[in-house]
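The values are calculated or read from the model by the stated rules, or taken from the named source; none is laboratory data. Not measured: the values here are computed from a predicted model. Here Cβ is always computed from backbone atoms with ideal geometry, including for glycine, and neighbour counts include all displayed protein chains. Accessible surface is based on the protein model in full, side chains and every heavy atom, while ligands, DNA and RNA are left aside. Shrake-Rupley method; radii C 1.70, N 1.55, O 1.52, S 1.80 Å.
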Amino acid sequence: MPLNAKMALTVAKVLETAHCSVKETLKELTEAPLEEEDESAPTPDNFWQDVGGATQQIASEVAKLTLALTQPPKPAASIAQSIVNGVEAAWTSLVTACRRSPPKGSLLRKELRTAVLRTGEALATLLKALKAAESGPQLQMTGCVWEACSALEKLPRDNLAATRALLAREEMLLTDALQEIEEEVKCSRLSENEEVDNSANWTNQDRELLAPCVGLVRTARASIKKVSEAVRLRGNCKEPGGAQQLDRLAVAAEKLSPAVDTFVAAVYPPMNKSAVSSTALSVVTVVREFLELARQSDVTAEMDNEWLSFLLRAVDHNNNKVQPLLSPD
């Protein structure tokens with residue numbers, strides 16, 4: 001066998017071993033339960049510095065490895081092993097830094113673990129592509145590792161920032177859902193006097209439901225908007241219990257847009273009245289849960305009781321308008 005063939009097999013083995021090592025770590029991270037939070041142990045000041053340093057090192061070592069294996073002349077197996085060792089060391093440093101003293105708040109810890117897993121998956125995919133000597137995917141996969149590293153570096157630095165970002169995403173999703181259903185209602189009114197396929201539009205009986213249905217979506221959107229403002233003003237993840245309160249709000253907030261999306265899908269023509277009834281109740285449940293959690297938390301004060309009570313009444317009011325119209329005659 002020619003010397004080059006032996007060298008290629010050896011380099012391939014180096015890459016295969018590294019790939020297996022990264023995959024094994026990913027398996028451990030995926031199966032491991034989220035670390036228990038220790039309120040008495042503050043996140044070290046250098047935590048994010050260590051994470052950022054390891055992330056930058058991964059990006060640097062990956063670039064070095066890809067360049068070495070895609071540009072002639074091909075490196076000796078020993079040189080390839082040395083570069084791969086640098087990649088593995090950087091990956092290990094990242095995992096170690098994240099495990100050593102994870103930040104407060106399960107939301108932030110979940111986002112951190114997800115970002116680390118994405119980085120590891122991108123790294124494993126690159127190692128596999130380099131081993132297979134697939135020239136196109138190699139450069140593409142290198143870019144994927146860099147993107148994952150960049151996303152990791154842009155993570156929120158505390159649970160308050162993570163919660164605010166999540167609430168902003170949820171508010172945007174609810175705003176989109178509201179705009180879509182309002183636009184559908186507007187278009188339907190414009191075509192009311194035109195000859196259209198009845199299956200593609202609401203019946204007169206359906207139209208009686210539209211105002212309270214849209215009102216329910218508006219209330220969900222208004223709820224997250226008001227709570228987001230309260231979190232901005234009074235959210236605190238440094239005081240005892242603060243991170244956990246934000247976690248509970250985040251969990252409740254994440255239920256809003258899926259419930260509203262399912263509800264709106266049932267409202268679209270041809271209206272599925274049975275689904276509208278059940279999904280409206282689901283929206284009421286998640287909105288009430290979200291508002292009650294906000295009322296019980298430190299992000300709201302006595303002055304906020306007025307709008308909290310108003311929104312709780314609004315969600316019941318709209319649902320009480322919807323349900324009788326869906327009852328069988």
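Would it be correct to say that residue 275 is without any contact (Cβ under 8 Å) to a residue 24 or more places away in the chain, open to solvent by 20 Å² or more (accessible area, probe 1.4 Å) and either farther than 25 Å from residue 188 by Cβ or in a helix (DSSP H, G or I) (or both)?
Working: without any contact (Cβ under 8 Å) to a residue 24 or more places away in the chain: yes; open to solvent by 20 Å² or more (accessible area, probe 1.4 Å): yes; either farther than 25 Å from residue 188 by Cβ or in a helix (DSSP H, G or I) (or both): yes.
Taking the combined requirement at face value, the residue satisfies it.
Hey, can you tell me all the residues within the range 70-96 that are surrounded by 16 or more Cβ atoms within 10 Å (Cβ to Cβ), part of a helix (DSSP H, G or I) and at pLDDT below 90?
In the first step, residues of the range 70-96 are kept if they are surrounded by 16 or more Cβ atoms within 10 Å (Cβ to Cβ); the result is 74-75, 77, 80-81, 83-84, 86-88, 90-91, 93-95.
If we keep only those that are part of a helix (DSSP H, G or I) as well, we get 77, 80-81, 83-84, 86-88, 90-91, 93-95.
Answer for the range 70-96, where residues must be surrounded by 16 or more Cβ atoms within 10 Å (Cβ to Cβ), part of a helix (DSSP H, G or I) and at pLDDT below 90: just 77.
Could you please find all residues in the range 284-310 being buried (at least 20 other Cβ atoms within 10 Å of the Cβ) and in a helix (DSSP H, G or I)?
Step one: of the range 284-310, the residues buried (at least 20 other Cβ atoms within 10 Å of the Cβ) are 284, 286-287, 290-291, 294, 297, 299-300.
Those that are buried (at least 20 other Cβ atoms within 10 Å of the Cβ) and in a helix (DSSP H, G or I): 284, 286, 287, 290, 291, 294.
Consider residue 280 carefully, then state whether it is in contact (Cβ under 8 Å) with a residue 60 or more places away in the chain and either touching a strand residue (DSSP E or B) at 6+ places or on another chain (Cβ under 9 Å) or assigned to a helix (DSSP H, G or I) (or both). Steps first, answer last, please.
Details: in contact (Cβ under 8 Å) with a residue 60 or more places away in the chain: yes; either touching a strand residue (DSSP E or B) at 6+ places or on another chain (Cβ under 9 Å) or assigned to a helix (DSSP H, G or I) (or both): yes.
In short, yes.
Say whether the condition of being over 27 Å from residue 185 (Cβ atoms), basic (Lys, Arg) and out of contact with any Gly (no Cβ under 8 Å at 6 or more places or on another chain) is met by at least one residue in the range 304-320. Break it down into steps so the answer makes sense when it comes.
Taking the range 304-320 as the starting set, the residues that turn out to be over 27 Å from residue 185 (Cβ atoms) are 304-306, 308-309.
Now drop any that are not basic (Lys, Arg), which leaves none.
No, there is no match, as no residue in the range 304-320 is over 27 Å from residue 185 (Cβ atoms), basic (Lys, Arg) and out of contact with any Gly (no Cβ under 8 Å at 6 or more places or on another chain).
Any residue at all in the range 67-86 that is of a type in the set (S, T, N, Q), assigned by the TED database to the domain that holds residue 30 and closer than 30 Å to residue 164 by Cβ?
Here is the first cut: in the range 67-86, the ones of a type in the set (S, T, N, Q) are 70-71, 78, 81-82, 85.
Next cut, assigned by the TED database to the domain that holds residue 30 only: 70-71, 78, 81-82, 85.
Cutting the leftovers down to closer than 30 Å to residue 164 by Cβ gives us none.
Taking every residue of the range 67-86 in turn, none turns out to be of a type in the set (S, T, N, Q), assigned by the TED database to the domain that holds residue 30 and closer than 30 Å to residue 164 by Cβ.
Name the residue that is nearest to residue 305 (Cα to Cα), counting only residues in the range 199-241 that are of a type in the set (Ser, Thr, Tyr) and open to solvent by 20 Å² or more (accessible area, probe 1.4 Å).
Restricting attention to the range 199-241, the residues satisfying the condition of being of a type in the set (Ser, Thr, Tyr) are 199, 203, 219, 223, 228.
Cutting the leftovers down to open to solvent by 20 Å² or more (accessible area, probe 1.4 Å) gives us 199, 203, 228.
Values: 199: 44, 203: 39, 228: 15 Å.
Looking at the filtered set, the residue picked out is 228.
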